[in-house]
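Written out below as structure tokens is the structure these notes cover.
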Amino acid sequence: MYNKEQKNNLMKQKSFYLTTPIFYPNDKLHLGHAYNATIADIIARYKKSKGYQVYFQTGSDDHGEKIEKKALSLGISSQELVDKNVELFKKLWQKLGIEYDFFYRTSSLSHKEKVQNIFQQLFKQSTIYLGKYQGNYCIACEDYVKEKVCPNCHSETKILEEPAYFLKVSQYYQQLLDYYQKNPDFLIPTAAKKELFANFLQKDKIQDLCITRSDIKWGIPVPDESKMIIYVWFEALCNYLNSEKGEKMFANEDSEIIHLIGKDIVRFHALYWPVILFALGRRLPDKVIAHGLLLDPKGEKASKSKGNVVDPLKLLEKYPQDLLRTYFIAKISFLQDGNFNEDLLKEFYRDFFINNLGNLCQRVGKGKIIELYENGIVPNFAETKNVYLWNYYQTCLTVIENYQQKMDNYQLTSAFQEIENLLNASNKLIQELAPWNLFANKKTKLLNLTLNYLRNGIRIIAFLLTPIAPSSSKVIFEYLNLSPDDCNWENIKNFQLIAGKKIKFLKEPLFPPL
Ligand code: MSP
């Protein structure tokens with residue numbers, strides 16, 4: 001627990017606003033969507049543990065042609081369709097342990113009003129102008145494209161030719177370049193930035209964006225126009241600003257704003273969204289993080305339109321929430337594309353949860369001799385010259401530092417590897433010092449220290465795992481006779497913290513076979 005002074009210090013800390021994209025509720029969500037929200041949740045939980053005042057927003061992108069068409073095919077209204085699917089989204093978030101603060105819906109009345117105001121304001125200042133769109137449109141991506149076949153999702157596109165309003169993206173070209181120059185880490189990873197610059201952010205390539213549609217009805221009407229609705233991406237991006245708390249975050253230069261997105265929607269977040277914010281005279285987010293995509297075995301992006309997706313709700317009926325969460329961070333190298341299949345998931349459970357983490361707790365909590373030794377009371381901490389213990393202690397301290405540094409820099413998979421480093425060091429220490437031999441040879445002092453160090457190692461592992469695998473870390477804390485609240489960043493290096501506590505003997509493995 002934090003004391004009063006620590007709490008006050010934490011209260012003064014920065015606000016942290018984290019968003020997922022808002023998801024299309026034309027259907028239920030697949031594993032790729034679950035990946036995005038889980039990573040966001042891990043970041044949000046970590047930031048909370050650091051004392052940030054976190055505001056975590058997710059939601060649904062209710063409008064657009066894709067949804068209108070789907071509802072029509074089902075013979076229900078678009079509103080009915082999205083309401084039904086949003087319930088499934090919320091169920092999935094609950095099963096995955098996604099602790100969001102607000103679920104934003106673009107079919108809400110307040111969103112409509114705010115978007116129309118934004119549209120009008122930009123029109124009055126001539127950032128929006130009336131023109132004519134001539135080109136193709138991909139319904140699956142809700143994107144204006146030039147090609148007959150969508151370069152992104154490969155579905156067939158339709159031809160559009162209609163009067164339309166445009167956003168003057170080109171007017172902000174120089175301002176964008178300057179912004180990127182001053183804030184080189186605004187968009188990560190570098191590969192995403194390179195691609196954006198190569199394909200869109202160039203003098204001869206930058207184009208104004210068509211932001212209205214005339215051939216569909218399911219959307220927000222353009223003010224003073226009878227037939228037009230506002231392009232779904234234009235209004236969807238405004239969700240970040242339009243929520244009550246989001247608005248406050250954007251009004252505050254000091255708050256940290258992060259959009260976590262998949263790399264397939266970089267252009268919208270790192271080109272159009274900054275332009276809308278520039279035009280509104282608002283600050284920009286601090287960072288757009290574009291993660292990789294979950295691919296199918298053929299190396300293609302998993303997507304509903306390709307029919308190669310995995311249903312996360314079904315997976316969660318069979319496997320623990322923490323397994324999926326931990327797999328995402330451990331096995332899909334953050335910011336790179338990754339693979340998923342059930343065999344890999346099961347293999348990871350065996351390797352990490354059973355053979356590594358579970359086994360370590362078992363060895364330190366149940367080994368025959370150790371079980372009887374001092375009735376499981378954790379001995380006192382002391383520094384020692386024993387080279388194995390000294391090295392182990394240093395490893396613990398280094399892991400704590402490295403983990404934070406990496407989490408702070410969004411090197412998530414690498415941060416997870418720090419936990420694995422400590423696990424490996426713990427198992428190695430058991431081999432090196434063989435506590436059962438220390439017991440047999442009556443080397444009591446060394447045995448006491450070894451048990452203190454190892455149980456603290458496990459405490460540190462449990463703490464570092466908290467944002468990633470909250471239930472599993474709770475189970476380990478229980479085994480150490482601690483509550484998750486007993487540990488924090490202030491006392492994590494204190495090896496005396498658990499001295500005198502009686503650990504629980506493990507009759508059953510902490511992580512049973514699946
Ligand atoms: N509605 C838009 C976002 C508007 S935000 C102002 C949208 N929705 S989506 O449902 O199609 O995608 C939502 C998120 O899921 C995106 O970040 C997208 O990158 C991500 N993913 C979709 N398929 C994915 C994978 N196969 N793998 C990882 N993430 C994937 O785009």
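Among the residues examined, T38 does not qualify as assigned by TED's automatic domain parsing to the domain that holds E300, under 13 Å from the mean Cα position of the chain (by Cα) and near the ligand (Cβ under 9 Å from one of its atoms). Evaluated against (1) surrounded by 22 or more Cβ atoms within 10 Å (Cβ to Cβ); (2) outside the structural domain of Q125 (by TED's automatic domain parsing); (3) more than 21 Å from the chain's Cα centre (by Cα), P274 falls short on exactly one condition, (2). Helices (runs of 4 or more DSSP H) fully within the stretch 156-267 that include at least 3 residues being among the hydrophobic types (A, V, I, L, M, F, W, C) and touching an Asp or Glu at 6+ places or on another chain (Cβ under 8 Å): 232-237.
The criterion of at least 2 residues that are closer than 17 Å to S49 by Cα is met by the following helices (runs of 4 or more DSSP H) wholly inside the stretch 380-470: 387-408, 412-433, 444-465. Do we find a residue being modelled with pLDDT under 95, crowded, with 21+ Cβ neighbours inside 10 Å and assigned by TED's automatic domain parsing to the domain that holds H154 anywhere in the stretch 334-349? Scanning the stretch 334-349 turns up no residue that is modelled with pLDDT under 95, crowded, with 21+ Cβ neighbours inside 10 Å and assigned by TED's automatic domain parsing to the domain that holds H154. Taken together, S255, S303 contain a single residue that is among the polar types (S, T, N, Q), more than 27 Å from Y144 (Cβ to Cβ) and surrounded by 18 or more Cβ atoms within 10 Å (Cβ to Cβ), which is S255. With respect to the stated conditions, I76 is away from the ligand (no atom under 14 Å from the Cβ), assigned to a loop (DSSP other than H, G, I, E, B) and not small (G, A, S).
Residues of the stretch 286-304 that are small (G, A, S), within 8 Å of the ligand (Cβ to nearest atom) and more than 13 Å from the chain's Cα centre (by Cα): A302, S303.
Of the residues screened, F334 is not one that is under 30 Å from Y52 (Cα atoms), of a type outside the set (S, T, N, Q) and assigned to a helix (DSSP H, G or I). There is at least one residue in the stretch 77-91 that is more than 17 Å from D62 (Cβ to Cβ) and surrounded by fewer than 15 Cβ atoms within 10 Å (Cβ to Cβ).
All of E478, E432 fail the test of being among the charged types (D, E, K, R) and either modelled with pLDDT of 95 or more or farther than 29 Å from E99 by Cβ (or both), apart from E432.
When K304, K287 are checked against the criterion of being in contact (Cβ under 8 Å) with a residue 24 or more places away in the chain and more than 25 Å from K91 (Cα to Cα), a single residue qualifies: K287.
So which residues in the stretch 471-494 are assigned to a loop (DSSP other than H, G, I, E, B) and surrounded by fewer than 23 Cβ atoms within 10 Å (Cβ to Cβ)? Correct list: N481, L482, S483, N488, W489, E490, N491, I492, K493, N494. Being in a helix (DSSP H, G or I), over 29 Å from the mean Cα position of the chain (by Cα) and in the same structural domain as I159 (by TED's automatic domain parsing) is a property that holds for E113. The residue that is farthest from the ligand (Cβ to nearest atom), among those in the stretch 217-238 that are under 33 Å from the mean Cα position of the chain (by Cα) and of a type in the set (V, I, T), is I229.
The values are calculated or read from the model by the stated rules, or taken from the named source; none is laboratory data. Because the structure is predicted, anything quoted here is derived from the model rather than measured. Cβ atoms come from the backbone with ideal geometry, glycine included; neighbour counts cover every protein chain shown.
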